[in-house]
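First comes the structure, then the notes that go with it.
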Amino acid sequence: MPFLELESNLAASCFSEDLLERLARAAAAILDKPQERINISVRPNMIMAIGGSTSPCAQLVVSSIGVVGNAENNKQHSSKFFEFLTKELGLGADRILIRFYPLEKWQIGKNGTVMTFL
């Protein structure tokens, strides 16, 4: 059950109407998870800086069970997410950061319990 959180100082008008759908499809393919399990939030208009610069930028946080727990996997994921985000947002790769967080089943609540028991 991957969670993606995209934050940017770009205006909401810079994001296409179907961004969530396209990002969900891309994330499902990149992480090899069913699209129905992808959860996304997008936060435009953030006050943020990368490397001390407030020029247009974005940060993507990817949290998931079992697919972001090592450097080799994350290197591949990073490359594919960067390809998507630079094209979608019109930003250079140097204006995007991605953070990967592995999750355990007990850290995700769903349907009144945690994923461990589902």
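The values are calculated or read from the model by the stated rules, or taken from the named source; none is laboratory data. These numbers come from a predicted model, not from an experiment. Quick reminder, even Gly has a Cβ in these numbers, built from the backbone with ideal geometry, and neighbours come from all protein chains shown. The accessibility values were calculated without ligands, DNA or RNA, using every heavy atom of the protein model including side chains. Shrake-Rupley method; radii C 1.70, N 1.55, O 1.52, S 1.80 Å.
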Inset, instruction - Just give me the residues in the range 23-48 being surrounded by fewer than 12 Cβ atoms within 10 Å (Cβ to Cβ) and either among the β-branched types (V, I, T) or without any contact (Cβ under 8 Å) to a residue 24 or more places away in the chain (or both), in sequence order. - result: P34, E36, I47
Inset, instruction - Assess whether F84 counts as being within 13 Å of the chain's Cα centre (by Cα), under 21 Å from L23 (Cβ atoms) and touching a residue at least 60 places away in the same chain (Cβ under 8 Å). - result: yes
Legend entry - Pair list, Cβ < 7 Å and 6+ apart or interchain, from the range 93-117 residues that are over 15 Å from N39 (Cα atoms) and open to solvent by less than 90 Å² (accessible area, probe 1.4 Å) to residues that are assigned to a helix (DSSP H, G or I) and small (G, A, S): I98/S78
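Let's see how each residue does on (1) over 26 Å from G109 (Cβ atoms); (2) at pLDDT 95 or above; (3) touching a helix residue (DSSP H, G or I) at 6+ places or on another chain (Cβ under 9 Å):
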{"site": "I40", "(1), (2), (3)": "no, yes, yes"}
{"site": "P44", "(1), (2), (3)": "yes, yes, yes"}
{"site": "S64", "(1), (2), (3)": "no, yes, yes"}
{"site": "E72", "(1), (2), (3)": "yes, yes, no"}
Inset, instruction - Keeping to the range 9-21, report how many residues are in contact (Cβ under 8 Å) with a residue 12 or more places away in the chain and either in contact with a Phe, Trp or Tyr (Cβ under 8 Å, 6 or more places away or on another chain) or open to solvent by 80 Å² or more (accessible area, probe 1.4 Å) (or both). - result: 1
